[in-house]
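What follows is a set of notes on a single structure, which appears directly below.
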Amino acid sequence: MTVQEPREPVPALAVPAAFQEPVAKVRPGWVTAVVLTNLGINAAFFGPLQVLLAQQSQTFDAVNKEAVLALATGFGAAVSLVANPIFGALSDRTTSRFGRRVPWALAGGILGFAALLLLSGAPNIAVMVIGWCLVQAGCNGAYAAVTASIPDRVPRRQRGQIGGLAAIGQTLGIVMGAVLANVAGGFAAGYIYCALFLLASIIPFVIAGRDTPLDKKDRPAFAWSTFLKGFWISPAKHPDFGWAWLTRFLVNLGNNIFTLYLFFFLQDAVGHPNPAAGVLLLTGIYAAMVVLMALLGGPLSDRVGQRKPFVIASSVTIATASIIVAVTPAWPAVIAAAMVLGAGFGMFLAVDFALLTEVLPSAADRGKDMGVINIAASSPQVIAPLIAAPTVLYLGGYTSLFALSAVIGLLGAVFVVKIKGVR
């Protein structure tokens, strides 16, 4: 009997360095740069959305200011849905010596900066709409690059923590946008403040955010048909990605429905004497709870090594906030609901982001795939008004609206159970 010598193991195909799964924990300087970039991008988004675009619309046409504002925000939203995945896909293919993501973060920041300056001196409605569309394009380009850098650089055991910190940057950016818009004393100066803040916030990422460059020989050959088809990620082939996308969409849709008519709810249903001040207070409470729970929830999910239980719990918590105001439309109940909503959404932002990075179909397409994921967060801003308006007007008022918000949020908790590849 002949004894065969044991065979040498067949070496696995070498994975290009740019596509390898990260194992080393990221440094505080890089994390700080990501948080600051998130803060600046969201300030550039929400300063105009909350205050400046409305002021400018009223200046151009006081009678039809609502229609002018809707025109600008509608076109801007359409641009954001397209820009995020496209810029993400382009960054996947970038072979700069500075890495794949930094060039697009810088280019997006510069475009957003220039577009905000254009808005500050817009002479008419057409230029205002074009300017806002360019802001959306630039900021979404930068956001796509920064978002994709997290699965590029952060090991799985640290993604809950980093997702929580990124969520804090996002939340504080919303607050900072309102601050910049209000201290400016006018929309022209407000746009300039937001532009300067955006550019300053991206510089640390340009310095600290360099990732492993993609070698030209590892870049796939380009074909328009392949490029465009790549934006469709089949749920049949990648079911975990599909269920994760749907979960994110539903929870964000429920959250947007909850917050959309908050001013009118306080005014008409609660009878608050100063609904504007009420919204400001509730926003502050909500933001504080988002920050607190993002800090706690993300690292806790890393420590436990599980994501789904936290996403389920946060979805149920968000739905509970809607149930509170649906059953008890009174000011103390609304305050309690704001705390509950912020707690649930803070945990969701941190842990769901970490979950999503673990179901991406391909390391080579992280930028494009994260861009597709970002559509699940941005598209509810367009869809929520289409659902909320008829519900309030014809289907039972605010009680029905908040009940619907709760049901949609709970569906997010149901569908996350379908994800098999993540605990």
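Please treat every number below as a calculation from the coordinates, not as lab data. Being a predicted model, the structure only gives us computed values, none of them experimental. With ideal geometry, Cβ positions are generated from the backbone for all residues, glycine too; neighbour counts draw on all protein chains shown.
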Review point. For Leu386 and Phe19 in the same chain, what is the full-extension length gain: residue separation times 0.36 nm, less their Cα-Cα distance, in nm?
Key: 128.1 nm
Study note, to complete from the structure: Rounded to whole Å, √(5λ) for the Cα gyration tensor eigenvalues of the chain, largest first, gives 37, 27, 19
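What is the extension gain from Asp268 to Arg423, computed as 0.36 nm multiplied by their sequence separation minus the C-alpha to C-alpha distance, in nm to one decimal?
On the way: separation 155, 0.36 × 155 = 55.80 nm, distance 4.40 nm.
That works out to 51.4 nm of additional length.
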Review point. Tell me, how many Å apart are the Cα centres for region 343-383 and for region 13-36?
Key: 18
Practice item. For Lys308, list the lysines whose Cα falls under 29 Å from its own Cα; do not include residues on the same chain fewer than 8 positions away. Key: Lys25, Lys237, Lys368, Lys418, Lys420
Study note, to complete from the structure: Note on the chain: helices (DSSP H) long enough, at least 18 Å by alpha carbon along their axis, and hydrophobic enough, mean Kyte-Doolittle at least 1.0, are 28-47, 65-92, 102-120, 125-153, 159-183, 187-208, 275-304, 308-327, 331-357, 397-416
Exercise for review: Would you please give the FRET efficiency between Val327 and Val304, computed as 1/(1 + (r/R0)^6) with r the Cβ-Cβ distance and R0 = 35 Å, to the nearest 0.05?
Suggested key: 0.60
Point to revise | Distance in nm between pseudo-label sites at Leu280 and Phe60 (7 Å out along the Cβ direction from Cα) | key: 2.7
Review point. Measuring from label point to label point, each 7 Å out along Cα→Cβ, what is the Ile130 to Thr226 span in nm?
Key: 3.6
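For region 26-211, divide the Cα radius of gyration by the Kirkwood radius and give the resulting Rg/Rh value with two decimals. Mind showing how you got there, number by number?
Values: Rg = 16.4 Å, Rh = 16.4 Å.
Reported Rg/Rh (Cα atoms, Kirkwood Rh): 1.00.
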Practice item. Quote the Stokes-Einstein diffusion coefficient, in whole µm² s⁻¹, for region 227-423, based on the Kirkwood radius over alpha carbon pairs, a temperature of 25 °C and a viscosity of 0.890 mPa s. Key: 142
